[in-house]
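Worksheet: the structure to be examined is printed underneath.
The values are calculated or read from the model by the stated rules, or taken from the named source; none is laboratory data. This one's a predicted model, so the numbers in the text were calculated from it and none came from an experiment. Note that each Cβ is placed from the backbone with ideal geometry, even for glycine, and that neighbours are counted across all protein chains shown.
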Amino acid sequence: MPKVPPDLPRLLPDANPSDRVAVQQTAFTDDVTGRFVCNEWAEVEASIADGGRPPDVVVVGAGMFGAYCAEKLYRSGAAKGLRILLLDAGPLVFTTHVQNQPQRLGDRIGAPRYDRVREDGTGTQNVVWGIPWIGNVPFPGLAYCIGGRSLFWGGWSPQLTSADLAAWPGPIRDYLTLPAGSSAYELTEVEIGTNPTADFMQSTAFHAALLARLTAAGTGLPILTGVAEAPLAVQGSPPASGLFAFDKFSSGPFLVDAVRDDVSTNTGAGDVSRRLFLVPRTSVVRLNVNGGRVTSIDLRTNGAAVNPPLQLPPTGSVVLANGTIEATRIALDSLGVGSTTFGSPRVGNLMAHLRSDITVRIRRTALGLPAGPPLDLETTAFLVRGSSGGRRFHFQVIAAAIGGTDPERNVFQQVPDIDLLAQMRANQSPDKITITLRAVGEMEDSQTLNPDPTRSWIDLSPEIDPLLGVRRAYVNLVATGADTTLWTDMDTAAFDLADALAGGAANIEYLHAPTGTWVAARPSPAAGTWWRKPLGSTHHEAGTLFMGGAGAAITNLDGRFHNVANAYVAGPALFPTIGSANPSLTALALAARTADAIIAAAP
């Protein structure tokens, strides 16, 4: 968890809100953005003490799904005057995706230095990356900051297919896909920029040639089921005349705009009349339940316990949106969720994705491209879907005429300098196209309230988190035999597709990632599967608080816990199955549904 910053002028020096510090000054910056978007806990307490209502909805976690859900609660809950409190354990670092910044300003903090099975004494890595749980496999952990992973994610947002959704409750399938033209999927795609698909990539001859070649190559491989434009959450053109494009999606701008709207329209009585408060560096320790409802919340802010605990009104609600693993930990610790067959309460149905990164380079002429140096910047991406044994996988295909090994380098980048753009064009390979096939396959589900100890699950470890004083989660993530079979079929299909694209062994080389060298021979599983990424390395954990009917699932179709009347979940923890699609699009759509349900239930 991020360390508490050194002493700065208190934002609220005493009990009089009129004396608040306007802007905190550090050695390098005036913290205008943080001051204009966030509140400290003392300001929330003062607003209640001065006559404001306690929050109607407390959202735990201001990341991808929590910030999005809170914004929906604020906008759509205006008629009922809902008061929303959004809490996050981290600070405000960026207000938008790091790739919307010039030259990847956030590149250093865009990922941890290495994955861990536990917090190893180094604390947060690269400013924000912490791991509050213990695991049997290495995990990147959480991005402790406002906006969370949405500031750093890759943006791939495919829909779950009809086959993926076959095991989901019928009303959820209908919600996501119907009616045609205005389904939850389609509305969310427009909002995050995946519709129109990848409009920030120009329709070039390079794009057309690769699409034609991929389509032809895929046709000859029955295991592959389709080739499509890349569903990337980047908006290249404005939504209407006179507006700017939204760039790469993150929940940050949604939240910032909602907070500033609140400040400008709901401050007739100052903070007493405000409806949306965002408080960083504040962690939920425990939800206190009485009579089947959460009645109060134990908190720590800036390392100090909040006393007394935050009281929820009789009609109040709480939304756990702090990531699948941490939301599950709170549910196990506070909400009476989980089987106690093995002692500590435990939930199963934990799923992630099987992932392999396979990179090749192919002669331009073999792909139907003219020989010689490219005249323009050649970069494009596609989605290729496949199926084996009744399970799904897909390839995120990224291709570029680069001289190195990372075709993704030029896909997501703001380049404000025309000379730099000219340099990028000049540095392209005159004879080879580098292509990465990022293979993503679904893990097997296990929708049961009595987890199988040999499968994947989460329970509470004996270890106490020294900052929160609660038991850490323990995460057991394992591949089943069926998972291993799918992984092998998926990898084989990726190599087969690459070979079909090349049209002959003389036209293709394979990147041996451990050494960073190109080799002529197709890699063999007999030499290892170094192209596979560890389980848990994709931030796609899902399923532990899966939705369904009472007695057969942990949450209902609105994301509410069956056994707690006012506690909800936002995020992939709700998924009954994971499919192969990256979870963000589906989880965002479900977060909006949960917000609608909370608003409908409010008096």
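Assorted remarks:
- Where VAL256 falls short, out of the listed (1) over 21 Å from the mean Cα position of the chain (by Cα); (2) assigned by TED's automatic domain parsing to the domain that holds CYS38; (3) at pLDDT 95 or above: (1)
- Taken over region 478-502, the criterion of being closer than 18 Å to MET351 by Cα and in contact with a Leu (Cβ under 9 Å, 6 or more places away or on another chain) is satisfied by VAL478, ALA479, ASP483, THR484, LEU486, TRP487, MET490.
- Only residues that are touching a residue at least 24 places away in the same chain (Cβ under 8 Å) and either farther than 18 Å from THR301 by Cα or of a type outside the set (Val, Ile, Thr) (or both) were counted across region 19-48, and they come to 12.
- Yes/no for ALA180 being in contact with a strand residue (DSSP E or B) (Cβ under 8 Å, 6 or more places away or on another chain) and either among the β-branched types (Val, Ile, Thr) or not in a helix (DSSP H, G or I) (or both): no
- Among the residues making up region 544-589, those that are outside any loop (DSSP other than H, G, I, E, B), touching a residue at least 40 places away in the same chain (Cβ under 8 Å) and aliphatic (A, V, I, L, M) are MET547, ALA553, ALA567, VAL569, ALA573, LEU585, ALA587, LEU588, ALA589.
- In region 214-240, the residues that are without any contact (Cβ under 8 Å) to a residue 60 or more places away in the chain and assigned to a strand (DSSP E or B): GLN235
- Scope region 508-531; condition in contact with a Ser or Thr (Cβ under 8 Å, 6 or more places away or on another chain) and either acidic (Asp, Glu) or closer than 23 Å to PHE382 by Cα (or both); matching residues: TYR510, LEU511, ALA513, TRP531
Each row is one residue, and each column tells you yes or no for (1) buried (at least 23 other Cβ atoms within 10 Å of the Cβ); (2) touching a Pro at 6+ places or on another chain (Cβ under 8 Å); (3) more than 30 Å from ASN290 (Cβ to Cβ); (4) among the small types (Gly, Ala, Ser).
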position	(1), (2), (3), (4)
THR484	no, no, yes, no
ASP489	no, no, yes, no
GLY503	no, no, yes, yes
ARG522	no, no, yes, no
GLY536	yes, yes, yes, yes
ILE554	yes, no, no, no
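- Residue within region 197-212 that is surrounded by 15 or more Cβ atoms within 10 Å (Cβ to Cβ), acidic (Asp, Glu) and either part of a loop (DSSP other than H, G, I, E, B) or in contact with a Pro (Cβ under 9 Å, 6 or more places away or on another chain) (or both) present: yes
- Pick from region 261-303, criterion over 28 Å from the mean Cα position of the chain (by Cα) and part of a loop (DSSP other than H, G, I, E, B), ranking: surrounded by the fewest Cβ atoms within 10 Å (Cβ to Cβ): GLY291
- For region 433-466, the set of residues classified as buried (at least 21 other Cβ atoms within 10 Å of the Cβ) and over 25 Å from the mean Cα position of the chain (by Cα) consists of ILE433, THR434, PRO451, listed by residue number.
- In region 496-524, the residues that are outside any helix (DSSP H, G or I) and either farther than 12 Å from THR405 by Cα or of a type in the set (S, T, N, Q) (or both): GLY503, GLY504, ILE508, PRO514, THR515, THR517, VAL519, ALA520, ALA521, ARG522, PRO523, SER524
- Members of region 468-484 that are polar (S, T, N, Q) and in a loop (DSSP other than H, G, I, E, B): THR480
- Any hit, region 369-376, residues being of a type in the set (Asp, Glu), in contact with a Ser or Thr (Cβ under 9 Å, 6 or more places away or on another chain) and either surrounded by 21 or more Cβ atoms within 10 Å (Cβ to Cβ) or under 23 Å from LEU497 (Cβ atoms) (or both): no
- Residue count for region 84-135 under the criterion of being closer than 30 Å to GLU45 by Cα, of a type in the set (Phe, Trp, Tyr) and in contact (Cβ under 8 Å) with a residue 24 or more places away in the chain: the result is 1.
- Output for region 318-345, where each listed residue is in a strand (DSSP E or B) and surrounded by 23 or more Cβ atoms within 10 Å (Cβ to Cβ): VAL318, VAL319, LEU320
- Some residue of region 238-246 being crowded, with 19+ Cβ neighbours inside 10 Å and out of contact with any Lys or Arg (no Cβ under 8 Å at 6 or more places or on another chain): yes
- With respect to (1) on the phi < 0 side of the Ramachandran plot; (2) in contact with a helix residue (DSSP H, G or I) (Cβ under 8 Å, 6 or more places away or on another chain); (3) assigned by TED's automatic domain parsing to the domain that holds LEU210, the lone exception for GLY504 is condition (1).
- Candidates THR215, THR161 - the one that is surrounded by fewer than 16 Cβ atoms within 10 Å (Cβ to Cβ), of a type in the set (Val, Ile, Thr) and more than 15 Å from LEU588 (Cα to Cα): THR215
- Number of the condition not met by ILE508 [criteria: (1) without any contact (Cβ under 8 Å) to a residue 60 or more places away in the chain; (2) within 30 Å of THR225 (Cα to Cα); (3) among the β-branched types (Val, Ile, Thr)]: (1)
- Residues being in contact with an Asp or Glu (Cβ under 9 Å, 6 or more places away or on another chain) and within 16 Å of TYR568 (Cβ to Cβ) are represented in region 303-312 by at least one member.
- Selection within region 241-268 - free of Cβ contacts under 8 Å to residues at least 60 places away in the same chain and farther than 21 Å from ALA592 by Cβ: SER241, GLY242, LEU243, PHE244, ALA245, SER264, THR265, ASN266, THR267, GLY268
- Restricting attention to region 151-177, the residues being in contact (Cβ under 8 Å) with a residue 40 or more places away in the chain and either among the hydroxyl-bearing types (Ser, Thr, Tyr) or part of a loop (DSSP other than H, G, I, E, B) (or both) number 13.
- Selection status of LEU105, under 30 Å from ASP271 (Cα atoms) and assigned by TED's automatic domain parsing to the domain that holds LEU320: no
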